[in-house]
């Protein structure tokens, strides 16, 4: 924080930024690889694919690729980001409930792994495979329908989830089995049970259901047709403290206990973790523009709100954030805590990073830092009030006792905001010919 202020990355002209801890990201990647290496049989093929939606930034994807982590993409945009980062097709997985024919065609031409979401999508893949067989690893996504967690909107294995083939619906399981028996080129099976708010035992049950279905399909095929299981990601993040819990090691051990056959070397493994790799290594920092009182409560009006912390602002009970107070020079503030609101810049009353939070008093020119925001926050800009996207900077030790910074994403300019809002077509509507103005 002090170095960011001293370098001018934070200040009156740059009142909100995102900071990424490069060393922390590397450590998370290493811990993920080590956790599964410790429980997998030697020589087991494994691909850890980062869920690009969690932090869709090209430099982040390139860093993770250098650390042995591939990419799980769910849109043409995410695939374009992964390709720009240099992630090889062989280390890329395409998952989406709404893939177009063009998306599927591109993936199959490139050799990217694809998990079909539903019978209609599988029919499209059938047609593409008949016209031009592909080397892409192909599979089907299933929903074991095991129930949700504490956050309904991020629960992906409920009875009515939009994702995958609902295994407990009448006739669905037999349809899945028959789909594999009729298509020898289907060699993968995918399910994603976890996400924030999902307990680990439920995630393990999802993996167990997927494994059991793969065993059933292979038994009926009379051979090992399914050779790889994609168990998704979804490891929850602890937003209450600095502790990293649960850990990848704990989850990997739980999986081995619950589904030992998954780790005996007969199946390759794919994971798709996102939030757990990046959340704790990012911080949104915003300058306090004004400090005032309303109804007897202090209010620190900052430049970070709904545009960088959309989920927290709209659903604060499910997505609370820890806030740390810093002074104008980037030093941690101490002293008596004061109950105060930390407000954002958007023009509606609920634009709050924190409400009635006890913190050292935030004054004009101070900084409020929202911790654990490296995933699903500052990289997911919400253009309310046409607020500019903040600059994002990675940091690491410089080897001389200081801090080095690198630009991950430039701050958005006003000219760019105007261009995105149709500035080049300003007269498009006034010149449109209609029967009334001819």
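Need one number: convex hull volume per residue for the stretch 342-381, Cα atoms only, in Å³.
108
Comparing mean-square fluctuations of 54, 113, 127 from a GNM of the chain with C-alpha springs under 10 Å, the top value falls on 127.
Per-residue extension of 0.36 nm, minus the Cα-Cα distance of residue 109 and residue 182, leaves a gain of 24.0 nm for this segment.
Is the chain best put as rounded, prolate or oblate by its Cα gyration tensor, with a ≥ b ≥ c the root eigenvalues, rounded for a/c under 1.5, and otherwise prolate when a/b is larger than b/c, oblate when not? Numbers along the way, then the final one.
Numbers: a/c = 2.00, a/b = 1.52, b/c = 1.31.
It comes out prolate by the Cα gyration axes.
Mean residue ellipticity at 222 nm from the helices of the chain, using -39,500 (n - 2.57) per DSSP H segment of n ≥ 4 over the full residue count, to the nearest 500 deg cm²/dmol?
Computed ellipticity for the chain at 222 nm equals -8000 deg cm²/dmol.
Rounded to the nearest 10 degrees, the inclination of helix 119-131 to the longest alpha-carbon principal axis of the chain is 70 degrees.
Translational diffusion coefficient, Stokes-Einstein: compute it for the stretch 22-277 using the Kirkwood radius over C-alpha pairs as Rh, at 4 °C and 1.567 mPa s, and state it as an integer in µm² s⁻¹.
Numbers: Rh = 18.3 Å.
Translational D for this selection: 71 µm²/s.
Of all the options 354, 383, 309, the one that moves most in a Gaussian network model of the chain with Cα springs shorter than 10 angstrom is 383.
Classify the stretch 190-233 as rounded, prolate or oblate, taking a ≥ b ≥ c as the square roots of the eigenvalues of its Cα gyration tensor: rounded when a/c is under 1.5, otherwise prolate if a/b is larger than b/c and oblate if not. Taking the square roots of the gyration eigenvalues as a ≥ b ≥ c, the stretch 190-233 is prolate. Placing R0 at 35 angstrom, the Cβ-Cβ distance between residue 41 and residue 62 gives a FRET efficiency of 0.70 after rounding to 0.05. For the chain, the longest principal axis of the C-alpha atoms and the axis of helix 101-110 are separated by about 80°.
With contacts taken as Cα pairs under 8 Å and at least 6 residues apart, the stretch 247-403 reaches a relative contact order of 28 percent.
Where does the stretch 221-320 land on Rg/Rh, using Cα atoms and the Kirkwood Rh?
Working: Rg = 21.4 Å, Rh = 17.7 Å.
A ratio of 1.21.
Across the stretch 371-438, Cα-Cα pairs more than 13 Å apart make up 76 percent of the total.
Measuring nothing but how far apart in sequence close Cα pairs (under 8 Å, 6+ apart) lie, relative to its length, the chain scores a relative contact order of 17 percent. Across q = 0.10, 0.16 Å⁻¹, the stretch 1-159 modelled as identical point scatterers on its alpha-carbon atoms has Debye log10 I(q)/I(0) values of -0.50, -1.05, in the order of the q list. Against the chain, whose longest principal axis comes from its Cα atoms, helix 22-37 is set at around 20 degrees. Entry note, the stretch 22-277: relative contact order of 21 percent, from Cα contacts under 8 Å with a spacing of 6+ residues.
Where a number appears in this text, it was derived from the coordinates with a stated rule and is not lab data. Since we're looking at a predicted model, the values are computed, not measured. Cβ sites come from the backbone with ideal geometry, for glycine too, and all protein chains shown count toward neighbours.
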